[in-house]
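What follows is a single structure, written as structure tokens, with notes after it.
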Amino acid sequence: MKALQSFTVRAKLPDSLSPLLELAMNLHWAWNEKTQALFRWIDPQLWEQLNHDPIALLANVSTKHLDSLSNDADFMAFMSEVSTDLNSYLNSTSWFQNRNSALVSVAYFSPEFGISEALPQYSGGLGILAGDHLKASSDLGIPLVGVGLFYQQGYFRQWLDNQGWQQENYPTLEPASMAVRKVPNVIIDVECGQKTIYAQIWRADVGRIRLYLLDTNIEQNDLECRSVTDRLYGGGTEHRLRQEILLGMGGVKALQAVEEKTQIFHTNEGHAGFLGLERLSDLIQDHSLNFDQALEVVRSSTIFTTHTPVPAGIDRFGKDLMEKYFSNWCKRCNIDINQLMQLGHLPNESDEQAFNMAVMGFRLAGMSNGVSKLHGKISREMFQGIWPEIAVDDIPIGSITNGIHGPSWASQEMSDLLGRKVIPSWAQANQDRWESINEIDDDEIWRVKDQGRHRLVKMVRQNIKKSQDLICEPSTWAEEVLDPKVLTIGFARRFASYKRATLLLSDPQRLKALLLSPDRPIQLVFAGKAHPADNIGKEMIRQLIEFSSDPSIRHRFVLVQDYDIAIARALYQGSDVWLNNPRRPLEACGTSGEKAALNGALNCSILDGWWDEMYRPDLGWAIPSFENSQDLDQRDAKEASSLFDILENEIIPLFYDRSPQGPPSGWIKKIKSSLCNLGPNIMASRMVKDYVVKMYEPTAIRYNEVSSRDFEKAKELANWKQNLYKHWSELKVDSIDSTDVEDKEVELGAKKTVRANIVVGSMDPKDIQVQLLFGPLDQDRQIKPISTIPMTRQSEPTKENIYTYSAQFSCEQAGNYGFNIRVLPSPYLQSYNVMDTGLILWA
Ligand SMILES: *Cc1c(COP(=O)(O)O)cnc(C)c1O
């Protein structure tokens, strides 16, 4: 029956136990073992039963038991200690407080946040990354708040029918029984097409970070509007558009409503990009700026992170939908719909083409990045069309490689070991501290791995029993699944086709031989969900299930159902090898391999994403990629065969190379190298520090400059740009005088001069800069590496409107040299990347 009205019942604790509620309501417990130990103490059995959820635990213990705990002096002392710990964590001085920083506050927008399995508001990597970003920011004291949506049904729960076909369940979540608090007396409204959507706001505390989640499931809305936040990535295109309007535009309003003063905005993938539109209309209406001026303000305070090179992963909305939802907004901004459409288009696209959220992301951000070095490069190629004149290497898209929040993912044993051997706060330690991993006893490392493997086996058996109960199959064999001594290979991620979960199935005989080897067997554990609309992904799951249902191999080849953070953690901690075989370069970064590495698993992966930049032969294995092969089937077959070769010739022999009784010393040597070299680089603390130093702080400085004196600089900047665009075509390179280097052999180290005469037209020569690029030539006659130096202008023009620029350089290396000359706008503001104007003139 539908409830007439709903209300919140929170567990009633005796006053003396009230710190427990405080501890449960701050998600800091999700990465703090001591707090978890405290809750386990309350009722170890219930704690397991309720999947380690403190709020559910407190709601389910009897009053009698609580009373007896409040009379237990040991418990009370421990509770008080944990509670004091949390308070000192919340008030501690950390990395950020020791910086003299221009950054005052940053709002981080994301469509999903994966913080804990007890707050299931995530589907995969993007959400987990967002959760880790918040946690690491909390640890380092960065002034950040999160903004997202509260989905009434979260993402779906997965189960497989008798045929192995994925089925989806959508249990309704009850925010009142989760670690979120309603912000009292605040309802925001967002114009959405012909309607107004209302939303309440939930706040989750993630350590020191406040995360605001908008929720439309309130009575002020009609049914349609209520359902806007029904499911994560559910519904059709229009539903998605409404969600994104709520997230972006509603998110900005929510920050105002809860009185968070936001200095800069960071949008995690394009889904939240409409935040820029809300800010544009605000600026135009409240500060009487015109569209171009407001655009400069928004750009100077927005950061955009792109997350996928897969075109299907980018949202696109047709012009009809954009008109339906944004025509009023256009009126408020005094622009027409085509001007809006251009924000989501490449210069050569017609107004009628679909609006691309990633393109808008770049256009509304002053700084943007991909999520690994390789992905940065791929993104520069992919989005070069936004700046057609700029060379691909100069496209203003940088990269910051994703990291993982160590304390959330390391097993307790690994965390203890690192705490003892590295430093107590190992998640923030520098490389030199990590070197002490090499002093750890092999036995100690092996014990950590053994414990992880045992736990994984136990989890898998329980999972299989539960799944079989669900479809009423007798689970006679679940207890025989997996062997805690066998080389264990993990593979868990979304079942997207480019990730190729079924690559090993391409040669079932070869695979079977490895699984069933009498003396050196392997076992494989898979997990993952396919998007409900992705039948190719579902078919991959079905094939894995079909293969695993062979009674002769089902004990060595399993798929764990209903993948979530808890299952992921058990897999990272229990695997010896983490397998990753996407089609390069489609995996933007990938973080599961980082989490596995932290737990002493060795990576065997295609050189994609993070592995491409961090791989070394002593740290793991690189599966060769045949990405130049035209035929996809052939390519898959070649890569599968290489993977089998690595397994047979390298991985399996090394794992089973044992002295009698002893652990595999060659294997453990590799674990140590992997831990101490990857450790400091894969940490989310490294990642968020990079964001602060390379993006947040420069953006904060730029925004402070642009917004001072009622946006005076923004107005200047807009004028300056308009002037540039208007007159740029008048620029010409009149002539170049390179007699000093022409057709002559140049002596090593000799200083040579190049001059260029540039027609500046009606432009002020102060508005342009001329650069000389030079360096040795490679076989393709490309300058590599390139040195860039400024050319100096003679004070007086040589002829009318023609100025002479000159520069002197010396060749420090023997061989062929070359040079080139280019004209760019002058840098206008500190940290302003002039490539971003798209204006350039080559000689
Ligand atoms: C880490 C993680 C992911 C992302 O893994 P990728 O390697 O980036 O695909 C997805 N889901 C869960 C639960 C995770 O913990």
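The values are calculated or read from the model by the stated rules, or taken from the named source; none is laboratory data. Just so we're clear, the structure is a prediction, and the values are computed from it rather than from any experiment. In this analysis, Cβ positions are derived from the backbone assuming ideal geometry, glycine residues included, and neighbour counts consider all displayed protein chains. Surface areas here come from the heavy atoms of the whole protein model, side chains and all, with no ligands, DNA or RNA. Shrake-Rupley method; radii C 1.70, N 1.55, O 1.52, S 1.80 Å.
Things to note:
- Here the stretch 518-531 is the region considered, the condition is being free of Cβ contacts under 8 Å to residues at least 40 places away in the same chain and over 32 Å from the mean Cα position of the chain (by Cα), and the residue that is most open to solvent (accessible area, probe 1.4 Å) is P518.
- Among the conditions (1) open to solvent by 30 Å² or more (accessible area, probe 1.4 Å); (2) in contact with a strand residue (DSSP E or B) (Cβ under 8 Å, 6 or more places away or on another chain), F109 misses just one, which is (1).
- Taken over the stretch 350-374, the residue count meeting the criterion of being of a type in the set (V, I, T) and either farther than 23 Å from L280 by Cα or touching a Ser or Thr at 6+ places or on another chain (Cβ under 8 Å) (or both) is 1.
- Restricting attention to the stretch 562-619, the residues that are assigned to a helix (DSSP H, G or I), within 10 Å of the ligand (Cβ to nearest atom) and either touching a residue at least 40 places away in the same chain (Cβ under 8 Å) or open to solvent by 20 Å² or more (accessible area, probe 1.4 Å) (or both) add up to 13.
- If you go through the stretch 661-676 and keep only what is open to solvent by 60 Å² or more (accessible area, probe 1.4 Å) and in a helix (DSSP H, G or I), you end up with S665, K669.
- Top-ranked residue in the stretch 47-87 [being in contact (Cβ under 8 Å) with a residue 24 or more places away in the chain and of a type in the set (G, A, S); ranked as nearest to G141 (Cα to Cα)]: S83
- Every residue from the stretch 795-843 that is charged (D, E, K, R) and in a loop (DSSP other than H, G, I, E, B): E796, E800, E812
- Residues in the stretch 466-502 that are outside any loop (DSSP other than H, G, I, E, B), within 16 Å of the ligand (Cβ to nearest atom), of a type outside the set (G, A, S) and open to solvent by 10 Å² or more (accessible area, probe 1.4 Å): Y498, K499.
- Within the stretch 638-655, the set of residues being open to solvent by 30 Å² or more (accessible area, probe 1.4 Å) and either in contact with a strand residue (DSSP E or B) (Cβ under 7 Å, 6 or more places away or on another chain) or aliphatic (A, V, I, L, M) (or both) comprises E650, L654.
- Test: residue in the stretch 129-137 that is more than 23 Å from K595 (Cα to Cα) and in contact with a helix residue (DSSP H, G or I) (Cβ under 6 Å, 6 or more places away or on another chain): no
- Residue that is nearest to T837 (Cα to Cα), among those in the stretch 328-355 that are outside any loop (DSSP other than H, G, I, E, B) and open to solvent by 60 Å² or more (accessible area, probe 1.4 Å): Q342
- For the stretch 762-808, a residue qualifies if it is without any contact (Cβ under 8 Å) to a residue 12 or more places away in the chain and among the polar types (S, T, N, Q), and the qualifying residues are Q779, Q782, S795.
- Residues of the stretch 764-808 satisfying the condition of being farther than 30 Å from K721 by Cβ and of a type in the set (D, E): D778, D780
- Positions within the stretch 204-228 being aliphatic (A, V, I, L, M) and not in a loop (DSSP other than H, G, I, E, B), in sequence order: A204, V206, I209, L211, L213, L214, L223, V228
- Restricting the stretch 361-382 to residues that are without any contact (Cβ under 8 Å) to a residue 60 or more places away in the chain and open to solvent by less than 10 Å² (accessible area, probe 1.4 Å), the residue that is nearest to E349 (Cα to Cα): F362
- Only a single item in (1) under 18 Å from T305 (Cα atoms); (2) within 16 Å of the ligand (Cβ to nearest atom) is not met by I115, and it is number (1).
- Scanning the stretch 698-733 for residues that are under 31 Å from the mean Cα position of the chain (by Cα) and open to solvent by 20 Å² or more (accessible area, probe 1.4 Å) yields P698, I701, Y703, N704, E705, S707.
- Of all the criteria given as (1) modelled with pLDDT of 95 or more; (2) under 23 Å from L134 (Cβ atoms); (3) not aromatic (F, W, Y), the one not satisfied by A429 is (1).
- Residue satisfying all of: in the stretch 233-265; part of a loop (DSSP other than H, G, I, E, B) and modelled with pLDDT of 95 or more; most open to solvent (accessible area, probe 1.4 Å) among these: K261
- Residues satisfying the criterion are absent from the stretch 541-559 (criterion: more than 11 Å from the ligand (Cβ to nearest atom), open to solvent by 10 Å² or more (accessible area, probe 1.4 Å) and within 21 Å of the chain's Cα centre (by Cα)).
- Among the candidates R658, R635, residue that is of a type in the set (D, E, K, R), surrounded by fewer than 24 Cβ atoms within 10 Å (Cβ to Cβ) and part of a loop (DSSP other than H, G, I, E, B): R658
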